[in-house]
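Trainee: Structure in C-alpha cells, see below.
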Amino acid sequence: MPETTLHYDSAAIVEAFHSLLPLGDEILIPFSVTEDTLKRNTSRSSDEITSYLHRFEFESFFLSVIYTPKRSDLTSAPSTLEVRISLDRSETLYFFMPTDLIPFINPKDMLCRYYPYIESPERLASCYRDLLESLVPYLDDFERLASNDETRERAYRDLKNEMARCYGEDIDKESGKGEDYDRALAAMRFFHFVKWKSSFYSSNEYAAFCSGNTTALSAIAFRGARPDYIKHLALSSFGMPQGNFTAVRKESASLPACVEATRNARNTKIFAIALAITLPLVAILLTLLYFAVANAVGADSLFYSATTAAAYIDILSSVFIGAFALGIVSYPLILRLFFKKRYAAYRPYRDMNRESEKKTLFPKTRYLLLFLCVMFTIFTACRGVRFYEDRILVQSRFIPSTPIQLDYEDVKSVEAKDNANGSFYYVITMENGDTISLASFMTKSNCEDIQNALEPVFERYGITVDDGSDAFDDPFDPVNGV
C-alpha cells in the first residue's frame, strides 16, 4: 500500500476508541486521534451541531466517518454512524458507501457497516471500533481503486448507473438550463439517492438479517427498485443455514437492539391494560361533562330529553375513541409504572425519536381526537327536545345552531303509546306532519314524572292526550322531519 498522510492502523483505532467522550446525556460526540481531524457540520443555527466528521486522509482517497445525532437530509434514522469514501479528491459531490465498493472486492463480506439508532456512548464506542476495524483490511484495495484511472472511473460510473436505475433516467442528462442548474439537480438527486439506500439499512428486515435471519431480505430484495447491495445480500445468503451468520457483533447491534426493544415495549397486552384503565376514566369524565352541559342547557325546562340516561348512548362512540386516544397518550406512563425493565430498554430509542415525531401529524392527531371527543360530547348534550311552559325547542343537529322553536298551538295531537314493560311514552304530531317521539327517553322510572310535568301544559293549550296502543318503532330518532 502506498504511503498515506494518516495511516489508520489497529493501534490508532484503539487510541481513537479510548478517546471517545460523551458530551451530555443526549448528544454523543466521538473524537478522532487528534482534535485537528474533527470538523463540525452546522445547521442554520451556529449553536446546533447536526453531525460530527472524522476525515482520515490517504494518498489517493479519504474516509469520512460521520456520526449524526438527529435525522438529517442524508440519514433515514437518528443517531447514525456511517462511512463515506471519496476515491477522487477533486469530486466534491459524489461519494461511496462501503456497500458500494466492498462487494466488488470481497463478495462474501456481508458485515454491517451502517449503524443507526445508537442509544448510548458505550454502543457508539463499540460501533465505532467495529466499523473502522472492518475497513482496515480494505485500505489497500481502496487505494488501488482510487489510484487507477480506469477502476476509479468505473466505480463512479457504476454508482451513477445505480442512480439511473433508481430514477429511471440518465441523471447526467443536460437540462438545457445551464451548468449550475444541472449541478444543483444532480446534488438533489444524489442526496435523495443516498437517503433512499440508507433507509434499507434502517429497516426491520435488515435488522433481522444482522441478527442471523438470512432469508429476511428476500421478501423485499426484488420487489421494485432496490439498492444493488440489498439484492447482493439476498443472493449471497440464499440457502445459508439460519442462525449461523451474524452481520454485526451483539455489542454493536444497535438496529436489532432497537427493533427488539421497540417490539417488547409496544405490546398489545400492555396497550390492553392501558385501555382497561382509560376506558372507565374517560367514560366517567365524559358522562359528567355530558350531564353537566345538558343540565345547564335545559335548566329552566319542564323536561329535556338529553338529561335522561337513555340519551347517553349517543356518546358511546366518543367514549371508545377518547379511551383509545388517551390510551396511546398514557401508554408510556403505563409502561413506566408496571413494566420498568421494558421501559428502561425502550426509553433511549423513544427519546431519540421524540424530536422527529414532533414533526409528524401523529402526536397532534392523538390530542386532536381527545379534543373532538370532548366537543362531540358537548354538542350531543345540546341536542334534544326541550319542553317549556310556552314553547318547545328542538335541537336536531350536532353542529352548533339555533334550535327550532315550536308553539303548542301548532301541536295537532299527542298520543300515549304503551311499552311492553308497562310504561308509556308520548308521540307528538305537529300540524305540518312532523313527529316528536319520546320513546327513547320515557322509561318506566320516569314516565309518570314526565306525565305530571307535561300534561298540565297540554291541558292549558287544549291538547288532549290520546291513549293509543300502537307501538312507535323509531326509538333512536326523537325528531322525525324537523
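Trainee: State which residue is surrounded by the fewest Cβ atoms within 10 Å (Cβ to Cβ) when the search covers only the range 325-347 and only residues that are more than 21 Å from Pro280 (Cβ to Cβ) and within 19 Å of the chain's Cα centre (by Cα).
Mentor: Taking the candidates together, the pick is Arg347.
Trainee: In the range 453-482, which residues are more than 16 Å from Thr307 (Cβ to Cβ) and at pLDDT 75 or above?
Mentor: Glu455, Pro456, Val457, Phe458, Glu459, Arg460, Tyr461, Gly462, Ile463, Thr464, Val465, Asp466
Trainee: Of the residues that sit in the range 224-253 and are in contact (Cβ under 8 Å) with a residue 40 or more places away in the chain and assigned to a loop (DSSP other than H, G, I, E, B), which one is surrounded by the fewest Cβ atoms within 10 Å (Cβ to Cβ)?
Mentor: Filtering the range 224-253 for residues that are in contact (Cβ under 8 Å) with a residue 40 or more places away in the chain and assigned to a loop (DSSP other than H, G, I, E, B), the one surrounded by the fewest Cβ atoms within 10 Å (Cβ to Cβ) comes out as Ala225.
Trainee: Against the conditions (1) in contact with a helix residue (DSSP H, G or I) (Cβ under 9 Å, 6 or more places away or on another chain); (2) aromatic (Phe, Trp, Tyr); (3) closer than 21 Å to Pro227 by Cα, where does Tyr138 fall short? Just the number, please.
Mentor: (3)
Trainee: Which of the following residues is at pLDDT below 85, touching a Lys or Arg at 6+ places or on another chain (Cβ under 8 Å), in a helix (DSSP H, G or I) and not acidic (Asp, Glu): Ile220, Ile171?
Mentor: Result: Ile220 is the single residue among Ile220, Ile171 that is at pLDDT below 85, touching a Lys or Arg at 6+ places or on another chain (Cβ under 8 Å), in a helix (DSSP H, G or I) and not acidic (Asp, Glu).
Trainee: Out of the residues in the range 268-317 that are hydroxyl-bearing (Ser, Thr, Tyr) and under 35 Å from the mean Cα position of the chain (by Cα), state the one that is surrounded by the fewest Cβ atoms within 10 Å (Cβ to Cβ).
Mentor: It comes out as Thr268.
Trainee: Yes or no: Ile392 modelled with pLDDT under 80, on the phi < 0 side of the Ramachandran plot and of a type outside the set (Gly, Ala, Ser)?
Mentor: Against the criterion (modelled with pLDDT under 80, on the phi < 0 side of the Ramachandran plot and of a type outside the set (Gly, Ala, Ser)), Ile392 does not qualify.
The values are calculated or read from the model by the stated rules, or taken from the named source; none is laboratory data. Since this is a predicted model, take the numbers as computed values, not measurements. Note that each Cβ is placed from the backbone with ideal geometry, even for glycine, and that neighbours are counted across all protein chains shown.
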